[in-house]
Amino acid sequence: MGKNEIDHVWTDKKRTLFGLPLSFTRYFLTENKFITRVGLLSLEEDELDLYTVTDKKLVLPFKQRIFGCGTIILYVRDTDTPIKEIKAVKNPRKVLAELDKYINIQRDRYRTRGRDMIGYDVHDCDCDDCNDDDIN
C-alpha cells in the first residue's frame with residue numbers, strides 16, 4: 001500500500017455523466033472513519049468519525065437511479081461537517097448497509113447510543129443536583 005493509500009473496507013468515486021466515475025471526488029469507508037478525498041494534483045480530505053453519525057438518509061433521484069446510483073446523506077455531530085453528502089455512488093443500498101454496520105460497531109465501542117448523540121437535556125438528569133428551581 002502506497003503512502004497516500006487508505007486502508008478501507010469500501011471505496012467509490014462520485015458518479016457523473018451516465019453513472020460513470022468521471023470525478024475527482026473519492027469516498028473511503030474504513031472501520032472507524034468516513035473519508036472524502038477531493039482533487040487531482042492537490043488533495044483535500046475530510047474525515048468524520050463513524051460514532052458521531054446521528055442519522056442517515058437515502059436519496060434516489062431519477063437521473064441517478066437510472067444508472068444504479070444514489071446519494072446518502074449523513075447527519076453528523078461535527079462542527080466542521082454537520083451534514084455529509086455521499087453523492088451519486090453505485091449500489092447505494094449496499095453502501096448504506098455497510099455504513100450502518102460500521103456505525104453500529106463504533107457506537108458500541110464508544111458506548112454512544114440514543115440521547116448521547118442527540119444532546120443533553122437538564123430534565124433527563126437523574127442526579128439530586130438537578131431540580132427545576134435552579135433552571136429559572
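Computed from the coordinates by the stated procedures, all read-outs in this text should not be read as laboratory data. Quick caveat: nothing in here was measured; it's all calculated off a predicted structure. All Cβ positions, glycine included, derive from the backbone under ideal geometry; neighbour counts span all protein chains shown.
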Mean Cβ neighbour count within 10 Å, used as a protection proxy, ranking 17-24, 94-101 highest first | 94-101, 17-24
Evaluate 2.2 N^0.38 Å with N set to the residue count of the stretch 10-111, then give the Cα radius of gyration divided by it.
-> 1.05
For Thr81 and Phe18 in one chain, what is 0.36 nm times their gap in residues minus the Cα-Cα distance, to one decimal in nm?
-> 19.8 nm
Ordering of 7-15, 36-44 by burial proxy (mean other Cβ atoms within 10 Å per residue, highest first) = 7-15, 36-44
Rounded to the nearest 0.05, what FRET efficiency do Lys101 and Leu58 have when you use their Cβ-Cβ distance and R0 = 22 Å?
-> 0.90
In whole Hz, with x marking every Gly and Pro, tabulate ³J(HN,Hα) for the stretch 28-39 from phi via Karplus 6.51 cos²θ - 1.76 cosθ + 1.60, θ = phi - 60°.
-> 10, 10, 9, 5, 9, 9, 10, 10, 10, 10, 10, x
Can you put Ile35, Ile66 in order, fewest other beta carbons within 10 Å first?
-> Ile66, Ile35
How far is it, in nm, from the label point at Asp7 to the one at Ile73 when both lie 7 Å from their Cα along the line to the Cβ?
-> 3.4 nm
Per the 1/(1 + (r/R0)^6) rule, R0 = 25 Å and r from the Cβ atoms of Arg93 and Glu44, FRET efficiency to 0.05 is 0.30
How would you rank 68-78, 51-61, highest first, on the average number of other Cβ atoms within 10 Å across their residues?
-> 68-78, 51-61
Interchain or sequence-distant (5+) residues whose placed amide H lies within less than 5 Å of the amide H of Thr30 are Val9, Ile35
